[in-house]
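As structure tokens, the structure follows; a few thoughts come after it.
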Amino acid sequence: MTTEIGKRSGSEKELEVLGKVSSTIASDMYLEDILKIIVAMTAEIMGAKVSSLMLLNEKGDELKLVATQSLSEDYINKPNVKVGQSVSGKVVSDKKPITVIDVQNDPVFMYPKIAQKEHLVSLLAVPLLVKGKVIGVLNCYTSKPHEFTESEIRLVSTVANQAAVAIYNRKLLDEKTSLENKLQERKTIEKAKGLLMNKASISEEEAFAKMRKKSMDMRMSMKDVAEAILVAKGTIE
């Protein structure tokens, strides 16, 4: 069968889109916006009806939909997929792409009714791999039966891996920023505590107890209390 997807394989259009994916990933946009653009580009380059990206939760036992260009409320709000279940869940456990010629009649696919309603037929699901670890799945659905070629699978896998690197790097950056913020917060609290100790001639334990009581009474964070003490130059009411 010759389809729009087949005609596009290996074309300059694909290289152009891959270049756009790379530049998008390198941008300073929010990760949520980057993933939305990636699924939109994937749908475009594959001529797919729906493209979606799912990520593993913190426990690593469920896939959650985080980006799609589909406007279907049924598709967007479908339940999370457990690892090993449905097609996407098997991609995580198998760590390799899976193709399905007709999800509406596939015994493994968990949402045939949604597929029927949204006219989704063939599926290509590829893992998002970082350092040999799967962190999510990129899905492509066609509206007509289609046998995905090796070049198409490689293409979507390339996009998926680019997305995986972007997600991984952003996570590392967020963790670094969070650690730096926590260290700065601790320094602020310690500085305020020392200032309070000297100003009120009290022990470290007493100073910390006063700060904690203020935090609880005013429903403020310890950092906010510490900053208020520093502004007031060592006093606390």
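Here, each number is a calculation from the coordinates, and none is a lab measurement. The structure displayed is predicted, hence computed values, not measured ones. Cβ sites come from the backbone with ideal geometry, for glycine too, and all protein chains shown count toward neighbours.
Points worth noting:
- Relative to the longest principal axis of the Cα atoms of the chain, the long axis of helix 31-46 makes an angle of roughly 10 degrees.
- Taking 187, 171, 82 as the candidate residues, the one with maximal mean-square fluctuation in a Gaussian network model of the chain, Cα springs under 10 Å, is 187.
- This ranking places 212, 219 by how few other beta-carbon atoms lie within 10 Å of each, fewest first, which gives 219, 212.
- Formal net charge of residues neighbouring residue 132 (Cβ-Cβ distance under 14 Å; K, R +1; D, E -1): +3
- Spacing of the two label points (7 Å from each Cα toward its C-beta) at residue 199 and residue 61, in nm: 4.9
- FRET efficiency for the residue 116 to residue 33 pair, using the beta carbon distance and R₀ = 45 Å, is estimated at 0.90.
- If you run the Gaussian network model on the chain, springs between alpha carbon atoms under 10 Å, then out of 51, 221, 86 the most flexible one is 221.
- Packing-based ranking, highest mean first, of 134-141, 119-126 given that Cβ atoms within 10 Å are counted: 134-141, 119-126
- Calculated log₁₀ intensity ratio I(q)/I(0) where the Debye formula runs over C-alpha points of the chain, q = 0.11, 0.14 Å⁻¹: -0.64, -0.83
- Projecting the Cα positions of 31, 209, 18 onto the charge dipole of the chain (unit charges on Cβ atoms of Lys, Arg, Asp and Glu, taken about the Cα centre) puts 209 furthest along the positive direction.
- Anisotropy class of region 178-231 from Cα gyration tensor, a/c 1.5 cut: oblate
- Angle in degrees between helix 12-25 and the longest Cα principal axis of the chain, rounded to the nearest 10: 10
- Given charges at beta-carbon only (K, R positive; D, E negative), |dipole| of region 4-170 in Debye: 320
- Residue pairs, from the table 95/117; 59/187; 64/113; 131/182, whose Cα atoms sit over 23 Å apart: 95/117; 59/187; 131/182
- Per-pair calculated FRET efficiency, R0 = 35 Å: residue 169 and residue 143 via Cβ, rounded to 0.05: 0.55
- 222 nm mean residue ellipticity, helices alone, for the chain (DSSP H n ≥ 4; -39,500 (n - 2.57); rounded to 500): -18000 deg cm²/dmol
- About the centre of its Cα atoms, region 97-237 shows a dipole size close to 640 debye [charges on the beta carbon of Lys, Arg (+1) and Asp, Glu (-1) only; nearest 20 debye].
- Karplus (6.51, -1.76, 1.60) ³J(HN,Hα), θ = phi - 60°, over region 187-204, in Hz, Gly and Pro reported as x: 4, 5, 5, 5, 5, 5, 5, x, 5, 5, 4, 5, 5, 9, 6, 10, 6, 4
- Computed from the Cβ-Cβ distance with R0 of 35 Å, the FRET efficiency linking residue 182 to residue 74 stands at 0.30.
- Extension gain, residue 105 back to residue 158 (0.36 nm per residue minus Cα-Cα distance, nm): 16.2 nm
- Cα lying deepest toward the dipole's positive end in region 131-172, options 143, 157, 169, charges on Cβ: 169
- Peptide ranges 69-75, 110-116 listed from the most packed, as the mean C-beta count within 10 angstrom indicates: 110-116, 69-75
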